[in-house]
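Novice: The structure's right below; bear with me while I get my questions together.
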Amino acid sequence: MKIQCRNLSKFFGAGAQRLTALDNIELQVQHNEFVTLVGASGCGKSTLLRMLAGLERADQGALLIDGRHVTDPGIARALVFQHYSLYPWLTVLNNIKFCRRLDVHRRHSTSASVEAASGRADALVRLMGLAACIDAYPNQLSGGMQQRVAIARALMGRPEILLMDEPFGALDAQTREVMHDLILHVHRLEQSTIVFVTHDVEEAIYLGHRVVLMAPRPGRIDSIYEVPLPRERTRDMKHAPQFLALKRELLDRIRDTSGIETDLDLLDQLSRNGASAPQGD
């Protein structure tokens with residue numbers, strides 16, 4: 001098993017102010033699996049992803065990768081953020097090569113390894129369709145192109161696990177579709193394990209082998225759904241009856257677990273009370 005979360009809990013604050021961000025998370029992810037996380041805001045999706053990246057530590061339970069406890073970031077894991085986080089003073093190519101530039105100063109680096117890294121950077125540039133803009137700077141690129149650079153940079157070190165936190169959330173619908181097919185292509189080529197956070201249920205089903213639905217207050221895993229589609233995805237599958245049925249089921253369950261109906265009832269009650277209150281002079 002590639003990733004194992006065992007009774008994983010995370011708290012923020014202390015005493016009466018302590019907030020349970022994640023409560024007893026039980027999750028296993030296999031090698032080369034693509035798992036998507038969905039759920040209402042505040043359910044702990046991004047917190048869980050940061051814990052997998054080693055940026056947050058568990059307060060209870062255990063997080064293991066390849067059977068070893070995770071306590072810090074590691075070269076075998078790469079995190080792609082929603083807002084690109086590119087270095088604005090570096091060109092496209094140098095952004096992609098950045099982690100390898102750091103490696104040059106390590107004692108174990110050789111001219112052969114540096115040359116191999118340069119070849120990988122060139123291959124990633126072609127894969128991401130960035131060959132025409134390798135000398136451009138981030139502020140000269142569209143949002144979709146910047147995200148391609150961020151993904152290429154994350155892949156530069158051949159990570160075994162790719163963690164993605166709503167990476168396409170700020171993109172327009174057409175660009176998102178292109179990025180969906182691109183990341184599926186990358187997954188087939190790299191054979192990596194991907195954990196992908198999104199608010200978009202359709203995106204979660206189209207990309208994922210399994211969809212993990214999380215619920216808030218406290219953040220927890222509510223249910224896990226197997227996606228009843230072949231691993232080789234095509235856009236036509238979004239209209240398949242099993243795709244639409246799973247989408248409906250997930251949306252209904254998110255609504256049930258988010259408390260939105262209760263919030264709407266409270267808003268309706270406040271509105272009625274406000275309408276019946278006496279008017280002042």
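Novice: Which residue, of ILE224, ILE194, ILE183, is modelled with pLDDT of 95 or more, within 18 Å of the chain's Cα centre (by Cα) and either crowded, with 17+ Cβ neighbours inside 10 Å or aromatic (Phe, Trp, Tyr) (or both)?
Specialist: ILE194 is the lone residue from the list that is modelled with pLDDT of 95 or more, within 18 Å of the chain's Cα centre (by Cα) and either crowded, with 17+ Cβ neighbours inside 10 Å or aromatic (Phe, Trp, Tyr) (or both).
Novice: Still on this structure: Report every pair of residues separated by at least 6 positions or lying on different chains whose Cβ atoms are under 8 Å apart, first residue within segment 75-93 and assigned by TED's automatic domain parsing to the domain that holds ALA123 and free of Cβ contacts under 8 Å to residues at least 60 places away in the same chain, second in a loop (DSSP other than H, G, I, E, B) and among the hydrophobic types (A, V, I, L, M, F, W, C).
Specialist: The qualifying pairs are THR91/ILE134; THR91/ALA136; VAL92/LEU130; VAL92/ILE134; VAL92/ALA136; VAL92/LEU141; LEU93/ILE134.
Novice: Search segment 199-216 for residues being touching an Asp or Glu at 6+ places or on another chain (Cβ under 8 Å) and over 18 Å from THR234 (Cβ atoms), and hand back the single one that is surrounded by the fewest Cβ atoms within 10 Å (Cβ to Cβ).
Specialist: HIS199
Novice: Among the residues of segment 117-152, which ones are without any contact (Cβ under 8 Å) to a residue 40 or more places away in the chain and among the hydroxyl-bearing types (Ser, Thr, Tyr)?
Specialist: The answer is SER118, SER142.
Novice: If you don't mind, another one. Any residue at all in segment 51-58 that is farther than 26 Å from MET145 by Cβ, in a strand (DSSP E or B) and in the same structural domain as ASP172 (by TED's automatic domain parsing)?
Specialist: no
Novice: Working only within segment 5-34, note down all residues that are surrounded by fewer than 19 Cβ atoms within 10 Å (Cβ to Cβ), within 17 Å of the chain's Cα centre (by Cα) and not in a loop (DSSP other than H, G, I, E, B).
Specialist: Answer for segment 5-34, where residues must be surrounded by fewer than 19 Cβ atoms within 10 Å (Cβ to Cβ), within 17 Å of the chain's Cα centre (by Cα) and not in a loop (DSSP other than H, G, I, E, B): just GLN28.
Novice: Sticking with this one: Being more than 24 Å from ASP165 (Cα to Cα) and assigned to a loop (DSSP other than H, G, I, E, B) is the filter; apply it to segment 90-112 and report the residue that is modelled with the highest pLDDT.
Specialist: That would be HIS108.
Novice: Of everything in segment 71-81 that's β-branched (Val, Ile, Thr) and within 18 Å of the chain's Cα centre (by Cα), which residue is surrounded by the most Cβ atoms within 10 Å (Cβ to Cβ)?
Specialist: VAL80
Novice: Could we say that ALA240 is surrounded by 20 or more Cβ atoms within 10 Å (Cβ to Cβ) and at pLDDT 90 or above here?
Specialist: In short, no.
Novice: Next up: Could you count how many residues in segment 136-191 are among the aromatic types (Phe, Trp, Tyr) and assigned by TED's automatic domain parsing to the domain that holds PHE98?
Specialist: 1
Novice: From (1) on the phi > 0 side of the Ramachandran plot; (2) within 16 Å of the chain's Cα centre (by Cα); (3) without any contact (Cβ under 8 Å) to a residue 60 or more places away in the chain, pick out the condition that doesn't hold for PHE168.
Specialist: If we test PHE168 against (1) on the phi > 0 side of the Ramachandran plot; (2) within 16 Å of the chain's Cα centre (by Cα); (3) without any contact (Cβ under 8 Å) to a residue 60 or more places away in the chain, just (1) comes out false.
The values are calculated or read from the model by the stated rules, or taken from the named source; none is laboratory data. Not measured: the values here are computed from a predicted model. As a convention, Cβ positions derive from the backbone with ideal geometry for all residues, glycine included, and neighbour counts pool all protein chains shown.
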